[in-house]
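The values are calculated or read from the model by the stated rules, or taken from the named source; none is laboratory data. Computed from a predicted structure; not experimentally measured. As a convention, Cβ positions derive from the backbone with ideal geometry for all residues, glycine included, and neighbour counts pool all protein chains shown. We work out accessible area using only protein heavy atoms, side chains counted, and drop any ligands, DNA or RNA first. Shrake-Rupley method; radii C 1.70, N 1.55, O 1.52, S 1.80 Å.
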Amino acid sequence: MIFSKAGFGGAVADFEAAVVAQDAKRSGKAFVRLQETFGQAKEADLLDGGPRLAAVLEQVPPGPRAVVAVLVGACVERGADAERCAPGVRTGLRTALEAAAAFAEAWAATGGGPFPVPDAGEPGEEIVERTGFDAAVGWWTLPQWEMAAVALLNHRAVRAGVGGGDREELLRLLTAVEQASGRQFRSLGHALRVLDDEPLVALHRTSGTGYALRFFGIGDNFQLHTLLADALIGGGHVEGHAPSPQEVAVCRETPGQVDTVGSFDLTAPDGGRLWNEGAPADIPVVDGVRLLVLDEPSYRRSWPAGRFFPGMRGDVILERALEPEETERWFAHVSPAKELTG
């Protein structure tokens, strides 16, 4: 008898060989071993195993495929090459979103009602009869695909590999599923909307000054807010509350959170409020550049400074202060801040 290599590395090798050979019995046993041995896996096995599992994802049946994708994401979080793992996970995510969207359509066409909440098992027979197996599994496994995809999208190179058309299609499918189900996949939505090497013009209304900046890896506007305050107030360009070095560090790449206080109201060019809970992708584009107005804070607001995605490095870079003539041209696009109602 030939004995398999022990540990996670052996489980990966067995699973890979069984999937390629379409040996369901052997792959099932190796699938169980993958989960049992991951927690004690050696670093070398994780670095090697992530890309190997990602390469066979498309050949894995729909149900266990999502679990294997989560293991791939976990390998990436432990150091495996995210770029090598990305194609398989990206393809699987799109397939799951397409299936979940089909589930939403079938659910509505067969009577609707509250969407079933996925549990640790498989969708029940009644659900499969209403929507079809693939559609039901797509909805059932979407939380796992969210985990796997976000783990990879923490890496700037992976985000760069998702083309604009692919990103728009993934977001379109995700929006359709969220609207139909009433369930939010907030981490996936934010991760797909993260911008890198993105130019930004910020206009400080009180001082009448403007600034050209560039940012990357920003998960939400809380993080953007603190880093903008550091660049402009901490840098001595405008007056206001400057965040501490610790508050800034946790918004870049230092682990943890530190309480902070808001320095601005973030305002769109039309005068509407841009909320900290949103994302930099919400900032309107004017003449090819995102244009943001910084108003004096209308009330004191505090929150834990940090990163929406703890594994994602982000920053805001001040490139230069705009000349008065440039600033005036940008301010021509700006309306007064709107009064909040409610």
So which residues in the range 212-247 are open to solvent by less than 10 Å² (accessible area, probe 1.4 Å) and part of a strand (DSSP E or B), if there are any at all? LEU213, PHE215
List pairs: first residue in the range 36-47 and farther than 15 Å from VAL70 by Cβ and crowded, with 20+ Cβ neighbours inside 10 Å, second residue at pLDDT 95 or above and among the acidic types (Asp, Glu) anywhere in the structure, Cβ distance under 6 angstrom, at least six positions apart or on different chains. none
Can you confirm whether the range 212-223 contains a residue that is touching a residue at least 40 places away in the same chain (Cβ under 8 Å), among the acidic types (Asp, Glu), closer than 27 Å to ARG156 by Cα and touching a Phe, Trp or Tyr at 6+ places or on another chain (Cβ under 7 Å)? yes
Determine the pairs where a residue that is under 15 Å from GLY132 (Cα atoms), located within the range 83-111, has a partner that is open to solvent by 40 Å² or more (accessible area, probe 1.4 Å) and not hydrophobic (A, V, I, L, M, F, W, C) with Cβ atoms under 7 Å apart, the partner being 6 or more residues away or on another chain. ALA99/ASP134; ALA106/ARG130; TRP107/ARG130; THR110/ARG130
Pairs please, first residue from the range 264-289 and under 15 Å from ARG186 (Cβ atoms), second anywhere and of a type in the set (Asp, Glu), Cβ atoms under 6 Å, 6+ apart in sequence or on different chains. ALA279/ASP220
Any chance VAL201 is assigned to a strand (DSSP E or B) and of a type in the set (Val, Ile, Thr): yes
Limited to the range 232-260, what total is found for residues that are of a type in the set (A, V, I, L, M), in contact (Cβ under 8 Å) with a residue 12 or more places away in the chain and out of contact with any helix residue (DSSP H, G or I) (no Cβ under 9 Å at 6 or more places or on another chain)? 2
Those helices (runs of 4 or more DSSP H) completely within the range 1-102 that have 2 or more residues that are under 19 Å from the mean Cα position of the chain (by Cα) and not β-branched (Val, Ile, Thr) are 62-77
If we scan the range 120-139, do we find a residue that is surrounded by fewer than 20 Cβ atoms within 10 Å (Cβ to Cβ), in a helix (DSSP H, G or I), within 17 Å of the chain's Cα centre (by Cα) and not β-branched (Val, Ile, Thr)? no
Picking from GLY271, GLY278, the residue that is open to solvent by less than 10 Å² (accessible area, probe 1.4 Å), under 27 Å from GLU326 (Cβ atoms) and among the small types (Gly, Ala, Ser) would be GLY271
Between VAL177, VAL158, which is buried (at least 18 other Cβ atoms within 10 Å of the Cβ), within 20 Å of VAL76 (Cα to Cα), touching a Leu at 6+ places or on another chain (Cβ under 8 Å) and aliphatic (A, V, I, L, M)? VAL158
Can you tell me which of VAL177, VAL201 is farther than 19 Å from PRO310 by Cα and touching a strand residue (DSSP E or B) at 6+ places or on another chain (Cβ under 7 Å)? VAL201
Can you pull out every residue in the range 248-268 that is within 28 Å of LEU340 (Cα to Cα) and open to solvent by 50 Å² or more (accessible area, probe 1.4 Å)? ASP259
I'm trying to understand the selection: among the residues of the range 281-301, which are more than 22 Å from LEU195 (Cα to Cα) and either open to solvent by less than 20 Å² (accessible area, probe 1.4 Å) or in a strand (DSSP E or B) (or both)? ASP295
Residue check, LEU322 against (1) of a type in the set (A, V, I, L, M); (2) at pLDDT below 95; (3) surrounded by 15 or more Cβ atoms within 10 Å (Cβ to Cβ), all met but one. Which one? (2)
Given (1) under 30 Å from LEU47 (Cα atoms); (2) aromatic (Phe, Trp, Tyr); (3) assigned to a loop (DSSP other than H, G, I, E, B), PHE115 misses just (1)
Considering LEU195, LEU200, LEU171, which residue is at pLDDT 95 or above, in contact with a Leu (Cβ under 9 Å, 6 or more places away or on another chain) and open to solvent by 30 Å² or more (accessible area, probe 1.4 Å)? LEU171
